[in-house]
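Note sheet for the following structure.
Read-outs throughout are calculated quantities, based only on the coordinates presented, and are distinct from any laboratory measurement. On a predicted model such as this, the values are computed, not experimentally measured, just so you know. Here the Cβ positions follow ideal geometry from the backbone for every residue, glycine too, while neighbour counts run over all protein chains shown.
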Amino acid sequence: MARVLIAYSTVDGHTLKICERIAQRLRGDGHQVTLAEIGTAAPADVSRYDKTVVGASIRYGHHRKEVYSFIEAGLPLLRAQPTAFFSVNLVARKPGKTDPQGNAYLRGFLRRTQWVPTMVAAFAGKIEYARYRLADRLMIQFIMWLTGGPTHASAKVEFTDWAAVDEFARRVSSLPLAPMAAGENIAP
């Protein structure tokens, strides 16, 4: 089985929760999985794995700068193996907004990077207004008001389609490994 790196960037912890679910499914298929927060994982670490998954959340319409830096620095390594990227954003709560064709955040991400992941998806996140600072809560409530989402200050709603996360993990599990270059020796 494969060694899989799941590198993630999260603001409120929900992206990590999704990564943990993916890791659980991959381990169930016999893969060795390492979870690493972007910023603590070095892009060079990618070379120690057979597959890499990157998960990143959206806040105020953008993925965090560290995500782009991680990908830019690790680009040659990411291009040499099967990879997957997923974005966690509230737009994905709506039908047709879970792939690059329907999700502007995914399209923007793919345009901004030179990385072409083997797999790409978006998963809806979670709203928990009581956990946010006042400015964050007001901004997110405004965005939800504009897009027809929950706005009550006590709202706590998880929009994540866990069956879609499980299917994503299944597809990552079944990604074929890249052929080793002549003379390449991968340590266990």
Interchain or sequence-distant (5+) residues whose placed amide H lies within less than 5 Å of the amide H of F123 are S87, V88, N89
Magnitude of the Cβ-charge dipole (Lys and Arg +1, Asp and Glu -1) of the range 17-142 about the Cα centre, nearest 20 debye, reported as 440 debye
Any residue on another chain or 5+ positions along whose placed amide H is under 5 Å from the amide H of V33 is listed here as V4
Rounded to the nearest 500, the 222 nm mean residue ellipticity computed for the chain from DSSP H runs (n ≥ 4, each -39500 (n - 2.57)) alone is -11000 deg cm²/dmol
In nanometres, the difference between 0.36 nm per residue of separation and the alpha-carbon distance of E37 and R3 is 10.6 nm
With label points set 7 Å from each Cα along the Cα-to-Cβ direction at W162 and V11, the distance between them in nm comes to 2.5 nm
Residue separation between D99 and R133 times 0.36 nm, minus their alpha-carbon distance, gives in nm 9.2 nm
Bridge orientation stat for the chain from DSSP, antiparallel percent rounded to 5, came to 15 percent
Whole-Hz Karplus couplings 3J(HN,Hα) for the range 154-161, θ = phi - 60° and coefficients 6.51, -1.76, 1.60, Gly and Pro as x, run 9, 4, 9, 10, 9, 9, 4, 8
Sequence order, the range 114-119: Karplus ³J(HN,Hα) from phi using 6.51 cos²θ - 1.76 cosθ + 1.60, θ = phi - 60°, Hz rounded, Gly and Pro as x, gives 9, 7, 10, x, 4, 10
The FRET efficiency for E66 and A153, from their Cβ-Cβ distance with R0 = 45 Å and rounded to 0.05, is 0.90
Quick calc, L146 & L177: beta-carbon distance into FRET formula, R0 35 Å, rounding 0.05, result 0.20
The Cα extents of the chain along the principal axes, largest first and rounded to whole Å, are 59, 31, 30
Output for the range 1-95: chymotrypsin sites (Phe, Trp or Tyr not before Pro) sitting in coil per DSSP, at most 10 other Cβ within 10 Å, listed by number, reads Y60
A correct Karplus calculation of ³J(HN,Hα) over the range 55-69, with 6.51 cos²θ - 1.76 cosθ + 1.60, θ = phi - 60°, whole Hz and x for Gly and Pro, returns x, 8, 8, 9, 9, 6, x, 9, 7, 5, 4, 4, 5, 5, 5
Between the Cα axis of helix 162-174 and the main Cα principal axis of the chain, the angle (0 to 90°, nearest 10) is 10 degrees
For I38, other-chain or 5+-apart residues with amide H closer than 5 Å (H placed, Pro excluded) are Y8, S9
